[in-house]
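Take a look at the structure set out below.
The values are calculated or read from the model by the stated rules, or taken from the named source; none is laboratory data. Small disclaimer: the values here were computed from a predicted structure and weren't measured. Using ideal geometry, Cβ is built from the backbone for each residue, glycine included, and neighbour counts are taken over all protein chains shown. Accessible surface is based on the protein model in full, side chains and every heavy atom, while ligands, DNA and RNA are left aside. Shrake-Rupley method; radii C 1.70, N 1.55, O 1.52, S 1.80 Å.
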Amino acid sequence: MARFEPALVSEHLSWSSFAGRHANELLPLPHTREAVDLLVARIAQVQDRLKRRIAVENVTTYLRFGASDMPEWAFVGEVVRRAGCELLLDVNNVYVNSINHGFDARAYLDAIDPACVSEIHLAGHERVGSRLVDTHAARVAPAVWELFARALERMGPKPTLIEWDAAIPPLEVLLQEADAAAKHLASEPSHA
Ligand SMILES: [Fe+2]
């Protein structure tokens, strides 16, 4: 942070290590009060140490825990509200989870407090069997562009990043995707 002075510092709402072993993957959390408490304490620790607010990002998941007793959007909203941090809203991740777990992606977006969203992510996903997988290796899907437009309608324009980090296409394709995002952003007046 001292060296690059980033505008935003973020981490994922997930876990990746246990008993000294680290997984190179964003593993899912149960959506419970206990997990909210744990995340709020951990985020406070990070923010105290860094002396700045961080943003946390909603992740894609491929299973649900039987112990979960609240919808993902309530879980994410509660963590952000109680931790006093920001939300990096990954719209593609919302869509992927809505298909994998069978909820309404629009209801998710509608439940998010626009004031706490500091950045939006978009990305491409791919279908593998009955699941959508967040591969970051394809164009943003039409349904995700639609959700992005809905998010901007509610939240106003937000800094937006398209994640494409595997099977990188020709630069022209990346520029077309960036251009499509810019057009959406330009069509929304600021809500600030
Ligand atoms: Fe993301």
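For the reader, a short list of remarks on this structure follows.
- Any chance LEU89 is within 26 Å of PRO159 (Cα to Cα) and in contact with a Phe, Trp or Tyr (Cβ under 9 Å, 6 or more places away or on another chain): no
- Segment 146-173: number of residues that are more than 16 Å from the ligand (Cβ to nearest atom) and either open to solvent by 50 Å² or more (accessible area, probe 1.4 Å) or over 9 Å from ILE120 (Cβ atoms) (or both): 14
- Single residue of GLU119, GLU126, GLU153, GLU146 found to be on the phi < 0 side of the Ramachandran plot and touching a Pro at 6+ places or on another chain (Cβ under 7 Å): GLU119
- When SER10 is tested against the conditions (1) closer than 23 Å to GLY102 by Cβ; (2) buried (at least 16 other Cβ atoms within 10 Å of the Cβ), the lone failure is (1).
- The one condition in (1) within 16 Å of the ligand (Cβ to nearest atom); (2) touching a residue at least 24 places away in the same chain (Cβ under 8 Å); (3) under 15 Å from the mean Cα position of the chain (by Cα) that ALA138 fails to fulfil: (3)
- Test: residue in segment 48-65 that is without any contact (Cβ under 8 Å) to a residue 24 or more places away in the chain and in contact with a Lys or Arg (Cβ under 9 Å, 6 or more places away or on another chain): no
- Failed condition for VAL117, given (1) within 16 Å of the ligand (Cβ to nearest atom); (2) more than 20 Å from THR32 (Cα to Cα); (3) open to solvent by 60 Å² or more (accessible area, probe 1.4 Å): (3)
- The criterion of at least 3 residues that are at pLDDT 95 or above and open to solvent by less than 70 Å² (accessible area, probe 1.4 Å) is met by the following strands (runs of 3 or more DSSP E) wholly inside segment 20-103: 55-57, 86-90.
- So VAL96, is it of a type in the set (A, V, I, L, M), closer than 30 Å to GLN45 by Cβ, touching a Ser or Thr at 6+ places or on another chain (Cβ under 6 Å) and within 12 Å of the ligand (Cβ to nearest atom): yes
- Residue in segment 42-51 that is more than 30 Å from PRO169 (Cβ to Cβ) and within 15 Å of the ligand (Cβ to nearest atom) present: no
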